[in-house]
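Novice: Let me give you the structure first, and then I'll get to my questions.
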Amino acid sequence: MGVTDENAPRPQGALVAIEPATGAVRAMVGGRDYFESEFNRATNARRQAGSGFKPFVYYTAFDTQGLHPGSRMTDRPVRIPVPGAPDWQPKNFERGFQGNMVLKTAMTRSVNTIAAQLVQLTGPGAVIDTARKCGITSPLEDVFSIALGTAGVTPLEMAAAFSVFADLGNRHDPFLFWRVEDAYGRVLFEHIVQARPVLDPGTAYQVVDMMKAVVDTGSGRRVREHGFARPCAGKTGTSNNFMDAWFTGFTPALCTSVWIGYDRQARLADKNGVGITGGRGAAPIWAQFMRQATANEPERNFPVPEEIRFESIDPETGCRIDARTSRAKITVAVKKGQTLCGETVR
């Protein structure tokens with residue numbers, strides 16, 4: 001007997017929300033119905049993060065290669081030799097190529113071939129080092145495809161790791177309890193908040209600024225379409241064949257990771273058979289949760305490190321242009337001393 005629609009498996013979901021300034025877990029959802037399944041997908045389901053892993057790639061390239069959001073690269077066919085295996089030839093989601101662009105645009109549009117070129121420059125090991133610094137503990141294979149999120153991670157790990165960007169390089173390990181007392185009020189356990197600086201604040205801010213553009217104009221723009229208007233940053237993720245859909249994003253006060261997918265790793269698709277991306281599937285859930293979770297919080301923007309300068313540049317060449325011009329332009333966050341087409345930023 002065939003499986004009826006009523007009995008067909010339904011997609012699952014998980015959500016974790018963490019305070020970047022402390023590491024306190026403010027919310028955790030491990031599945032759609034605890035009475036159907038007690039498995040906690042928020043802490044135990046390792047799923048491919050897809051493009052949600054790219055912030056670690058970009059930070060690594062900025063930190064080790066002297067690149068920045070205004071650096072120019074070319075979206076083009078890429079072939080990377082792999083010893084003992086076929087060459088790796090990553091494809092873009094749209095299957096085409098867009099030519100020259102600055103790295104902020106590449107992140108905003110989630111261009112796979114440029115992420116692949118960056119990991120070729122840095123080496124997969126350096127990207128793994130960055131992810132480890134941010135708190136990713138799941139096994140990470142030392143392969144070039146790490147740039148496109150082929151490793152399995154949990155929503156708890158992603159929320160904790162993105163919290164490091166939200167707090168401009170400070171890591172707070174996630175925790176569930178502030179204090180435990182016995183029946184007589186004696187303190188048996190109390191969590192002490194300890195920040196560990198693990199990333200350069202200026203470089204972390206550059207990645208945050210790019211992730212703000214992801215939400216405002218890029219693959220995560222459904223966050224805005226679904227009514228979340230506060231300053232925020234984030235990154236979508238979609239694994240191969242639409243098996244997993246992610247959105248991990250943050251305000252200065254709260255970082256939330258949302259994952260949806262099938263337990264048995266079936267393809268996520270709508271009623272018309274169209275694959276569901278992180279932008280379509282996870283970002284609206286994120287927006288709805290964050291609207292309620294931050295409703296009573298004061299609105300504030302991310303602090304800007306002293307060495308950061310905002311420059312208007314040509315999105316194809318990366319050269320400075322007058323901010324008042326009607327030409328196409330993009331604003332990038334660059335550090336004092338970095339260069340734009342040979343001109344030093346002061």
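Novice: Among all cysteines in the chain, which have no other cysteine Cβ under 4.7 Å from their own Cβ?
Specialist: For the chain, the answer is Cys134, Cys232, Cys255, because their Cβ atoms have no other cysteine Cβ under 4.7 Å.
Novice: Based on alpha-carbon centroids, what's the gap between the stretch 138-188 and the stretch 320-346 in Å, whole number please?
Specialist: Taking the Cα centre of the stretch 320-346 as reference, the centre of the stretch 138-188 is 35 Å away.
Novice: Using the Karplus curve 6.51 cos²θ - 1.76 cosθ + 1.60 with θ = phi - 60°, what ³J(HN,Hα) values do you get for each residue of the stretch 32-46, in whole Hz, with x for Gly and Pro?
Specialist: Those phi angles translate into 7, 7, 4, 6, 7, 8, 8, 5, 8, 6, 5, 10, 10, 8, 8 Hz.
Novice: What stretch of the chain, leaving out the sites themselves, is the longest with no chymotrypsin sites (Phe, Trp or Tyr not before Pro) in a DSSP loop having at most 10 other Cβ atoms within 10 Å?
Specialist: Answer from the scan: 185-346.
Novice: OK, next. Match the structure shown to one of the listed values (i) 74, 57, 33; (ii) 65, 59, 43; (iii) 87, 62, 33 of Cα extents along the principal axes in Å, computed from it, and give that label.
Specialist: From the options (i) 74, 57, 33; (ii) 65, 59, 43; (iii) 87, 62, 33, the structure gives (ii).
Novice: In square angstrom, rounded to the nearest 10, how much accessible surface does Cys319 have for a 1.4 Å probe?
Specialist: Its accessible surface works out to 40 Å², give or take rounding.
Novice: Which of the aspartates and glutamates could a cross-linker bridge to Lys336, judged by Cα under 18 Å and excluding same-chain residues fewer than eight apart?
Specialist: List returned: Asp63, Asp200, Asp209, Glu306, Glu307, Glu311.
Novice: Now a separate question. Which whole-number percent gives the relative contact order of the chain, counting Cα pairs below 8 Å spaced six or more residues apart?
Specialist: So the answer I get is 20 percent.
Novice: Here is a follow-up. Where does the chain land at 222 nm, in deg cm²/dmol rounded to the nearest 500, when only DSSP H runs of n ≥ 4 count, each adding -39500 (n - 2.57), divided by all residues? Present the calculation step by step, with values, prior to reporting the outcome.
Specialist: Numbers: 10 runs with 93 residues, N = 346.
Using -39500 (n - 2.57) per qualifying helix, the result is -7500 deg cm²/dmol.
Novice: Among Ala151, Ala166, Ala195, whose mean-square fluctuation peaks in a Gaussian network model of the chain (Cα, cutoff 10 Å)?
Specialist: With Cα springs under 10 Å in the chain, the top fluctuation among Ala151, Ala166, Ala195 is at Ala195.
Novice: Still on this structure, please answer the following. Going by amide H atoms built from the backbone, whose H comes under 5 Å of the H on Met243, apart from near neighbours?
Specialist: Under 5 Å from the amide H of Met243: Leu268.
Novice: GluC sites (Glu not before Pro) within the stretch 258-346: which are DSSP loop residues with at most 10 other Cβ atoms inside 10 Å?
Specialist: Glu306
Novice: For the stretch 230-346, what does the relative contact order come out to in percent, with C-alpha contacts under 8 Å and a separation of six or more?
Specialist: Reported relative contact order: 19 percent.
Novice: Still on this structure, I have one more. Residue by residue through the stretch 138-143, what is 3J(HN,Hα) from phi via Karplus (6.51 cos²θ - 1.76 cosθ + 1.60, θ = phi - 60°)? Round to whole Hz and write x for glycine and proline.
Specialist: 4, x, 10, 7, 7, 9
Novice: Excluding Thr113 itself, calculate the net charge of residues whose Cβ lies under 13 Å from the Cβ of Thr113, where each Lys or Arg counts +1 and each Asp or Glu counts -1.
Specialist: +4
Novice: Determine how large the accessible area of Ser239 is when every protein chain is in place; take a 1.4 Å probe and give Å² rounded to the nearest 10.
Specialist: 10 Å²
Novice: Take the alpha-carbon centre of the stretch 263-281, take the same for the stretch 81-105, and report the distance between them in whole Å.
Specialist: Comparing the Cα centres of the stretch 263-281 and the stretch 81-105, I get a distance of 23 Å.
Novice: Another question, then. Karplus couplings for the stretch 293-306 from phi (6.51 cos²θ - 1.76 cosθ + 1.60, θ = phi - 60°), rounded to Hz, Gly and Pro as x?
Specialist: Karplus-based 3J(HN,Hα) across the stretch 293-306 equals 5, 10, 4, 9, 9, x, 7, 8, 9, 6, x, 9, x, 4 Hz.
Novice: On to the next question. Return the lysines within reach of Lys329: Cα separation strictly under 16 angstrom, same-chain partners fewer than 8 residues apart disregarded; answer none if there are no such residues.
Specialist: List returned: Lys104.
The values are calculated or read from the model by the stated rules, or taken from the named source; none is laboratory data. If you're wondering where the values come from, they're calculated on a predicted model, not measured in any experiment. Heads up, the Cβs are rebuilt from the backbone with ideal geometry, glycines too, and the neighbour counts pull from every protein chain shown. Each accessible area value is taken on the protein alone, full model and side chains, heavy atoms only, with ligands, DNA and RNA left out. Shrake-Rupley method; radii C 1.70, N 1.55, O 1.52, S 1.80 Å.
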